[in-house]
Amino acid sequence: MQESSLQRSIDAVGTIRYRRETPLGFTASGRVASVRYNEGDFVKRGARLAALDRQNVGADLAVAQAEQERAQAEFNRIAELYAQGWVTKRQYESTEAAAKAASARVRQAGYASGTSTINAPSGGVILSRMVEPGQVVSAGTPALVLGQNAQGFIFRAPVVDRDASKLRAGMPGEIYIESLGDEAIAATISEIDGRANEATGAFTVIFRLPARPRLRSGQIGTAKIKLPAADDGALQIPSSALFGVRTGEGLVHIIGPDSRVETRNVRIEQVLDTQVLISGGVKIGENIVIRGGENLKAGQKVRAISPASSDPPAGQSSAPGAGRPSAPGAGQSTE
């Protein structure tokens, strides 16, 4: 029996996404005055996407400026009195702090006034629009989601833990998008989640994709990653060596050091045309019966012979097809 040198493929269904899909929102509360783009629209860097009603924002700034003037005037008056010894140091420090706080509120209101619009941080596509004119929003509430063209696309696919453990960043893969035809898109694994999804137990594998004009966020496709079967410890045996097959499992006969037959239970990893990939139950280099195993019994003594050998000596019965193949299909034995 030999370690498999064949390849097997991992297939995973997933979706195309922009590498950066950025939620954008206002830094101040207020009523939305305008939203200039709809979902699917392409925008350029710096484009004004949405704006708040500046009346409320401007009013907040005016109130803050008025309070600053009052607090500063009060501080100037107390400072003169303090210099003349008419007020305590505590009163002086209190009015000074109030003046500084008023100045900070003016800067805050000025920042809110200057950021009462949402501008595109880069060129891209509007993926989602969550607000409408007239709607009142609070600070930080997402208003739009922008897919940034500059960062390109990725393909996200869930992969079960058993297969995800065999994948590494940098491994190549092929992505097939049904809506784009049968042509494969060459991709590379860029990230693998460090934690499985709690609901499904699968790890999200992320592929970095080359730029393609027809790619769109949300397209569904299949990732195909080829792995040497030997990477997962699978062994290759002729399909004729397997008997007693049931769901995902089967039996094989091993010829032990004392030339007696042992029955082993193995897991079926993959069925090919004339070969089967198995794991568990057997080791590389053990003698395995490749034909006629269903006619043998555990503990029965046999003698291994090659397919080219002549008939067994008189007095011995033949069990054609048992042996220790160095390559699939070689070997026979006799009872």
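Odds and ends about this structure:
- Loop-located trypsin sites (Lys or Arg not before Pro) in the stretch 160-238 whose Cβ has at most 11 other Cβ within 10 Å (DSSP): R168, R195, R214
- Among A223, S239, A186 the positive-end extreme of the charge dipole of the stretch 167-285 (Cβ point charges): A186
- Cα gyration tensor shape of the stretch 1-103, rounded if a/c is under 1.5, else prolate or oblate by comparing a/b with b/c: oblate
- L215, L127, L81 arranged by Cβ crowding within 10 Å, fewest neighbours leading: L81, L127, L215
- Ranked I16, I220, criterion: other C-beta atoms within 10 Å, fewest first: I220, I16
- Under-5 Å amide H pairs with I290, H placed in peptide plane, nonlocal only: A322, G323
- Residues A104 and E74, FRET efficiency given R0 of 22 Å [Cβ-Cβ distance, rounded to 0.05]: 0.85
- Cα-based equivalent ellipsoid, the stretch 89-142: semi-axes from gyration tensor eigenvalues, Å: 39, 13, 8
- Of the residues D161, D273, the one with the fewest other Cβ atoms within 10 Å heads the list, and the complete ranking is D273, D161.
Each value in this text was obtained by applying a stated rule to the coordinates, not by laboratory testing. Just so you know, these numbers come straight off a predicted model, no measurement behind them. All Cβ positions, even for glycine, are placed from backbone atoms using ideal geometry, and neighbour counts span all protein chains on display.
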